[in-house]
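Every number here is computed from the coordinates shown, using simple stated rules; none is lab data. All values reported here derive from a predicted model rather than from experimental measurement. Virtual Cβ from ideal backbone geometry, glycine too; neighbours counted across all protein chains shown.
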Amino acid sequence: MAVDLNDPQFVKSLIDKERRANRPAGRWVLLPIALATIAYLTPFYYLFVTIFKTTPEYARKGVLELPDSPAPFLDNVAQAWTIAHLGQAGLNSFTYGLCGAGLAVAFAAAAAYGMTRLNLLGANGWFMFIFTGTLFPFQMYLVPLLFGYQRLGIINTWLGMVLLYTAICIPFPLLVLRNSFSAITREIDEAARIEGASEWRVFVSMILPNAKGPLVALFLLQFTFIWNDLLFSSVLANGLEVRSVMVALQSLQGTYSTLGPNVVITATLISSVPTVLLFILLRKYFMAGLQLGTK
Amino acid sequence: MADTATSLLSSALLKDARARERRVAWRQTRVAWLFIAPAVILVGVFLLLPVLVNVVLSFTKWQKFTGLDKFAGFSNYARLFAVPYFSEAMANTALWVVGAVVLPLALALALALLLRNIAFQETLKSLYFLPKVLAPTAVGAIWYYVYAPHGVLNSVVSGVSGHGFDFGWLYDDNTVTPSVIVTFVWQTVGITMVLLLLGLAAIPKDPIEAARVDGASPGQVFRHIVWPLLLPTVLVVTILNVAAGFTTFDLLWVMAGDYPGKRTLSLAVYMYYESFSNGGWAYGSAVAVVLGIMVIAVSAVLAFVQSRVEKSIR
């Protein structure tokens with residue numbers, strides 16, 4: 001086919017084609033997105049109307065109707081807080097999250113340093129050893145941990161929970177940090193070593209500051225995992241003084257509970273505040289952490 | 001004579017240097033061990049040792065309030081296939097795996113393709129991602145009331161149809177599993193979409209442009225260019241969701257706590273129920289072993305497929 005650039009019709013068809021390929025999404029795209037988003041947000045809407053209702057009001061009205069006044073919210077919070085002992089549970093979960101995620105990332109970083117920077121015999125073997133910890137479903141740990149914790153007397157203790165959460169949060173950060181540390185140029189630490197710095201000094205003041213982004217992202221991911229965990233804490237620590245915030249929340253819920261949905265939903269909101277706040281404040285790190293997971 | 005002396009001397013020096021080198025290497029190895037020791041010990045003691053113990057326990061008769069002394073051979077495993085609960089739990093687990101893989105992927109792909117070119121993309125992305133930050137326990141507590149007889153879903157259905165509706169979605173044998181899967185999809189579709197959008201953004205524009213100029217339809221462009229390049233991302237998402245499909249526990253336990261047949265909801269629930277509600281610890285660990293074998297087998301197949309796909313792209 002001969003191309004005649006002087007043919008106005010041909011030029012027009014080319015321009016049309018170009019325009020069609022590059023046009024921004026039309027209105028027809030917005031409709032399904034709007035519908036999907038409304039359906040998607042309905043549970044959140046339900047949450048926000050329910051926390052402002054009293055129990056009789058909830059029973060009387062349609063579940064999606066607006067509340068009479070925002071006043072019952074404080075009473076709902078007070079009820080949820082005292083009945084579920086959310087203060088103690090929150091303190092427990094915060095301790096588990098802070099210690100577990102902090103220690104796990106620290107130990108994973110140390111191990112990653114040992115594997116990438118020092119002449120470690122069988123570094124790959126040790127890596128595979130630790131990485132094996134991600135292969136098995138959590139269900140395989142439960143009964144033996146219960147068994148061992150009973151023997152050792154660390155069932156229903158902070159120590160037992162922190163040890164388990166630390167161990168379970170080590171393999172994934174190790175995988176990520178091994179890659180990030182390999183990407184840091186060796187010239188910096190070689191220079192420091194020639195100056196006579198100890199390995200510990202090199203690790204703390206050369207390597208760690210160069211991996212701040214991944215370290216923060218990994219800490220956030222692991223903290224969220226620990227805060228959100230129900231499975232391990234319900235088996236290994238269900239005593240009132242040591243139970244996690246999710247075990248406390250779960251205890252409120254279900255048929256045997258005599259509480260109104262308004263109180264349970266308020267407890268749900270309270271128990272989600274820390275991780276949602278972290279997500280909003282540190283969205284950048286969260287998304288970065290997400291991408292770490294796929295590499 | 002002098003020659004031998006120098007050679008002796010130099011060989012001694014060499015020996016000395018080698019020994020020093022070995023000492024330095026040995027010291028570095030010792031330091032390296034110190035660096036990896038906490039991670040290796042914790043993972044070994046709290047993750048890998050329990051897996052071994054779990055396998056051993058599954059051959060015993062250990063129960064709540066009884067000793068551990070009796071070995072039971074394969075009787076726990078024989079019992080798995082003798083009771084109806086196990087096969088029902090297995091069937092529901094299969095439904096979970098398929099649902100957890102196919103539904104989030106299909107919906108997230110549709111959303112990702114729709115969202116790609118519109119304004120507020122960032123806001124919508126964060127909005128859709130938010131449920132993933134919530135604990136499954138919290139999500140389950142909210143959705144428990146979505147499905148309740150006097151709940152959100154029934155009130156929407158009543159409003160649309162004009163008839164009063166008070167169906168107990170979480171109490172009926174036919175609707176309980178699909179209902180909880182829908183909740184899982186609600187929580188997972190956002191993160192799946194974000195991952196797919198990352199994958200889509202990495203696809204080069206040139207081949208798509210070229211195909212368009214050559215007159216390829218959008219469907220053809222998707223099938224022959226976008227999909228093959230997106231496949232590695234799709235596989236990553238699949239691997240994550242297969243594992244979740246096999247092992248989801250919190251959502252089911254929280255949402256279907258009142259369902260009379262709840263032990264059959266999935267293998268993860270069955271394992272927990274038999275171990276900790278019934279006190280059959282050895283039997284529960286046998287269920288865990290079966291679950292573990294299936295998860296590892298399916299993950300191995302997927303990892304193999306993944307390595308093939310990545311090789312074919314490079």
The set of residues whose placed amide H lies less than 5 Å from the amide H of B:THR60, leaving out same-chain residues fewer than 5 positions away, is B:ALA72
Count of lysine pairs, chain B, Cα-Cα under 29 Å, sep. 8 or more residues or interchain, comes to 6
For the protein assembly as shown (alpha-carbon point model, no solvent) the Debye-based log₁₀ I(q)/I(0) at q = 0.07, 0.12 Å⁻¹ works out to -0.53, -1.33
From the Cα centre of segment B:236-314 to that of segment A:205-271, the distance in Å is 21
Dividing the helical contributions, -39500 (n - 2.57) per DSSP H run of n ≥ 4, by the residues of the protein assembly as shown yields a 222 nm value, nearest 500 deg cm²/dmol, of -23500 deg cm²/dmol
Sequence order, segment A:204-218: Karplus ³J(HN,Hα) from phi using 6.51 cos²θ - 1.76 cosθ + 1.60, θ = phi - 60°, Hz rounded, Gly and Pro as x, gives 6, 9, 10, 7, 4, x, 7, 10, 4, x, x, 4, 5, 4, 5
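With N residues in chain A, what two-decimal value do you get for its Cα radius of gyration over 2.2 N^0.38 Å?
On the way: Rg = 26.9 Å, N = 295, 2.2 N^0.38 = 19.1 Å.
This ratio for chain A stands at 1.41.
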With no solvent term and unit scatterers on the alpha-carbon positions of chain B, Debye gives log₁₀ I(q)/I(0) at q = 0.10, 0.11, 0.15 Å⁻¹ of -0.79, -0.90, -1.26
For chain B, longest principal axis from Cα atoms; helix B:281-313 axis from its Cα atoms; angle between them, nearest 10 degrees, is 80
Across B:GLY140, B:GLY219, B:GLY73, the residue with the highest GNM fluctuation in chain B (Cα network, 10 Å cutoff) is B:GLY219
Simple SL model, points at 7 angstrom along Cα→Cβ for B:ALA110 and A:VAL11; separation in nm is 4.4
Any aspartates and glutamates whose Cα falls less than 17 Å from that of A:LYS61, other than same-chain ones fewer than 8 residues away, would be B:ASP166
The rounded separation in angstrom of the Cα centers of segment B:96-126 and segment A:82-161 is 33
If one compares the long axis through the Cα atoms of helix B:121-133 with the longest principal axis of the Cα atoms of chain B, the angle in degrees, nearest 10, works out at 80
